[in-house]
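Below is one structure, written out as structure tokens; the observations come after it.
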Ligand code: ATP
């Protein structure tokens, strides 16, 4: 397994946001974490990415324990994280936002190598290189946030609700991009509310409810589960 989370518990002011969560992601997989608002999906990603300090449990990445490490050290080990709010630099250009993603690489050639991949994935970004990030549409900002994450050349890409606040046409583009990213050898852990689209591109899924894993299995099985369909798909 590339990522193994065991018994992870994270609390805010004494309230448990995630409780005893265990999950694993194999190299090359797309794994979806689903669940209603407040189920703990974002807290799970933050706890893996070093943005929140877990109270207990372990996170093992590529055979090494990483829980409790600072976020930038976790990025340096090969985990890129795109948070729900994207955290772009709104006053900087698209080009500079992308450059800031590649600060980890010392040589210029190494820094610029992932750019071609990003432009192939999102040609719109190439057309908008001098434009300030703040003036991009919601969907373009999401593309930029994903592009910037790819500039770190991650082995694991974690995305928190990439389809949120985006017009339908671009939502399809984002999901298609995730499939393409995986095809280039990057493993993906995806938090999503849009279950039918995300389960459509995923290998496996975990469903969270009030901070715990209540269901896990192959994406197709989760999609066909009557309980899930009723609770999350409204079918
Ligand atoms: P959403 O889809 O709405 O973002 P989520 O599944 O990502 O939901 P979390 O954001 O992880 O859920 O929230 C899990 C629980 O932790 C919720 O009860 C939430 O109110 C609480 N929580 C999250 N962030 C904080 C915080 N910074 N301070 C206090 N409580 C928090």
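Since every read-out is calculated from the coordinates, none of them should be taken as a lab result. Because the structure is predicted, anything quoted here is derived from the model rather than measured. Cβ coordinates were reconstructed from backbone atoms using ideal geometry, including for glycine residues, and neighbour counts include every protein chain displayed.
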Please specify each residue of the range 19-34 satisfying the condition of being within 12 Å of the ligand (Cβ to nearest atom), closer than 19 Å to residue 222 by Cβ and over 15 Å from the mean Cα position of the chain (by Cα). 21
Members of the range 116-135 found to be more than 16 Å from residue 171 (Cβ to Cβ) and touching a helix residue (DSSP H, G or I) at 6+ places or on another chain (Cβ under 7 Å), listed by number: 117, 118, 119, 125, 126, 128, 129, 130, 131, 133
Just to verify a result, which residue in the range 181-198, among those that are touching a strand residue (DSSP E or B) at 6+ places or on another chain (Cβ under 6 Å) and assigned to a helix (DSSP H, G or I), is farthest from the ligand (Cβ to nearest atom)? 182
Output the number of the condition that residue 60 fails; it satisfies all remaining conditions of (1) buried (at least 16 other Cβ atoms within 10 Å of the Cβ); (2) more than 15 Å from the ligand (Cβ to nearest atom); (3) closer than 30 Å to residue 229 by Cβ. (3)
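Consider residue 207 carefully, then state whether it is surrounded by 15 or more Cβ atoms within 10 Å (Cβ to Cβ) and closer than 10 Å to residue 34 by Cα.
Spelling it out, residue 207 is indeed surrounded by 15 or more Cβ atoms within 10 Å (Cβ to Cβ) and closer than 10 Å to residue 34 by Cα.
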Could you tell me whether the range 60-75 includes any residue that is touching a helix residue (DSSP H, G or I) at 6+ places or on another chain (Cβ under 9 Å) and without any contact (Cβ under 8 Å) to a residue 12 or more places away in the chain? no
Taking residue 216 as the residue in question, decide whether it is touching a residue at least 40 places away in the same chain (Cβ under 8 Å) and not in a helix (DSSP H, G or I). yes
Are any of the residues in the range 141-159 part of a strand (DSSP E or B), buried (at least 16 other Cβ atoms within 10 Å of the Cβ) and either without any contact (Cβ under 8 Å) to a residue 60 or more places away in the chain or out of contact with any strand residue (DSSP E or B) (no Cβ under 8 Å at 6 or more places or on another chain) (or both)? no
Go through the range 1-18 and count every residue that is within 14 Å of the ligand (Cβ to nearest atom) and either over 20 Å from the mean Cα position of the chain (by Cα) or in a loop (DSSP other than H, G, I, E, B) (or both). 6
In this structure, is residue 178 touching a strand residue (DSSP E or B) at 6+ places or on another chain (Cβ under 7 Å), under 14 Å from residue 41 (Cβ atoms) and touching a residue at least 60 places away in the same chain (Cβ under 8 Å)? no
